[in-house]
Amino acid sequence: MFIEGFYSAQSNSQVSDSITVELRNSTSPFAAAEQTNGVVATDGTVQLKFSVPDGNYYFAVKHRNTIETWSKQVQEHFPGQLL
């Protein structure tokens, strides 16, 4: 995942920075089931681990310098799965 404004096309990398990712329930009012923080590496990768029960969730990504972004569709999540 590359963060807009932090990515350099010349080096195909970015400045590392922290993000917050929330798992949001798949039904209204889409309450936050859990959230965790991670650091996006220069190659755009980040590893996150959630401990919520298996199920379908929206992913909401927050960064201090961008607009909060949600996944288009719900995603299936299994306990202990690295994302």
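Note: relative contact order over the chain, using C-alpha pairs below 8 Å and six or more positions apart, is 28 percent. Net length available on complete extension from Ala41 to Asn56 is 2.7 nm, with 0.36 nm assigned per residue and the Cα-Cα distance removed. When the convex hull of its Cα atoms is viewed from all sides, the range 17-64 shows a mean projected area of 3.6 nm². Let me make sure I get this right: for the range 1-42, a, b and c are the square roots of the gyration tensor eigenvalues over alpha carbons, sorted descending. Under 1.5 in a/c it's rounded, otherwise prolate if a/b > b/c, else oblate. Which is it? In terms of gyration-tensor shape, prolate. The residues of the chain have, on average, 65 Å² of accessible surface per residue, using a 1.4 Å probe with all protein chains present.
Considering the chain, its Cα convex hull presents a mean projected area of 5.4 nm².
The values are calculated or read from the model by the stated rules, or taken from the named source; none is laboratory data. Predicted model only: the values in this text are computed from it and were never measured. Protein only, heavy atoms only, side chains kept; ligands, DNA and RNA dropped before computing areas. Shrake-Rupley method; radii C 1.70, N 1.55, O 1.52, S 1.80 Å.
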